Structure formats: structure tokens, C-alpha cells
Amino acid sequence: MFDRIIALRTALLVMSLAPCAAALAQSAERGCIELKTVAEVEESYVDDSGNTAKRLAPAAKVVPGDEVVWTIVANNVCTTAAGDVAITNSVPDHMRYIGNSAFGPGANIEFSLDGTAFAAPEALIIDEADGSKRQARAEEYSAIRWALPRPMGPSESLIVRYRAAVL
């Protein structure tokens with residue numbers, strides 16, 4: 001019975017990877033930013049020199065404890081610059097964000113506990129049941145936002161990335 005539950009959970013995780021991590025792009029120029037989200041896992045291999053190296057491969061099958069590398073590619077498909085570009089991505093429900101893994105060259109990265117209010121990690125505060133307060137832990141983040149402090153040029157691409165562990 002336990003093996004069937006694990007197998008069913010694994011199948012559900014595999015089927016749900018793509019739709020759970022849909023990213024949204026916001027820009028003053030509507031329709032200029034197109035996004036592509038890819039789920040990958042890091043795998044080890046032996047290179048031509050006989051050294052062990054790592055590479056990203058499609059996340060065809062993941063199980064609890066695996067880390068998934070989420071890559072979002074944003075492309076400005078317009079012939080003019082797109083201003084106020086922000087990419088927002090929810091951490092899938094069946095996963096938890098891996099601290100300090102969000103990356104986006106030149107972007108200001110903020111996090112959210114509820115998917116609507118975003119702030120720097122040090123500003124995310126949890127109110128405990130006993131009335132005390134504490135700083136939120138990375139695994140409690142529900143969404144990530146990458147905001148560009150400059151316009152995104154015509155035909156320009158931006159790659160942002162984060163890691164999440166399968167629960």
C-alpha cells in the first residue's frame with residue numbers, strides 16, 4: 001500500500017511540474033514580454049577528459065527530496081524597449097524554495113509569503129501564535145519576483161532561475 005502511495009505521488013509530481021510554475025511577466029508595454037519556463041534537474045556525468053561534471057537535464061521524473069532547477073527565459077518580442085519589467089513566479093505547492101538560489105543578472109529579487117506582497121528577505125516577518133515575530137525562512141516563500149531596474153531592449157532576453165525541493 002505504501003509503495004502505491006509513493007508511486008501515485010511521484011506520478012502526480014511529474015505531471016504537475018509544468019503548469020505549477022507558470023511565470024507571469026509585467027511590463028508597461030503589454031504583450032512585449034514572452035516567457036518560457038523549464039524544469040530541470042542537475043545530473044552528474046563524466047566528460048571527455050574523464051572528469052566528473054554536472055549539467056542540467058529535463059526533469060522527466062522527480063521524487064521527494066529531489067531539487068528542481070526552474071529557469072524562466074523572458075524575451076522582448078517587440079521592436080521597442082519594454083519598461084517596468086517584472087517576472088513573478090510562484091513556488092509550486094508540492095515544493096519548497098531553496099534559500100539563496102534565486103538568480104537574475106541585474107534584477108532586483110524579492111520574495112512573497114502570500115503571492116501578492118513582495119519584499120526583500122529581511123523585511124518578511126512572520127507573526128507567531130504567541131504574539132512574537134520572527135523573520136521568515138526561505139522555505140516559507142511562496143513566490144519570487146525579479147524586477148528589472150532598466151528597460152528591456154528590443155529582442156533582448158533575460159534568464160532568471162531558482163531551485164526548489166520536491167516535498
>> For segment 77-84, check the following and say yes or no: at least one residue is in a strand (DSSP E or B) and over 28 Å from Val41 (Cα atoms).
In response: yes
Of the candidates Ala129, Ala86, the one satisfying the condition of being over 24 Å from Ala165 (Cβ atoms) and touching a Leu at 6+ places or on another chain (Cβ under 8 Å) is Ala86
Residue pairs qualifying under the 7 Å Cβ cut-off, at least six apart or on distinct chains, with the first in segment 31-42 being in contact (Cβ under 8 Å) with a residue 40 or more places away in the chain and the second being surrounded by fewer than 16 Cβ atoms within 10 Å (Cβ to Cβ), are Cys32/Val77; Glu34/Val77; Thr37/Ala22
Residue set Ala39, Ala53, Ala57, Ala25; condition surrounded by 11 or more Cβ atoms within 10 Å (Cβ to Cβ), in a strand (DSSP E or B) and modelled with pLDDT under 95; output residue Ala25
Among strands (runs of 3 or more DSSP E) entirely inside segment 103-166, those with 2 or more residues being at pLDDT 95 or above and surrounded by 19 or more Cβ atoms within 10 Å (Cβ to Cβ) are 108-112, 143-147, 157-166
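The values are calculated or read from the model by the stated rules, or taken from the named source; none is laboratory data. All figures in this text were calculated on a predicted structure; none of them were measured in a lab. As a convention, Cβ positions derive from the backbone with ideal geometry for all residues, glycine included, and neighbour counts pool all protein chains shown.
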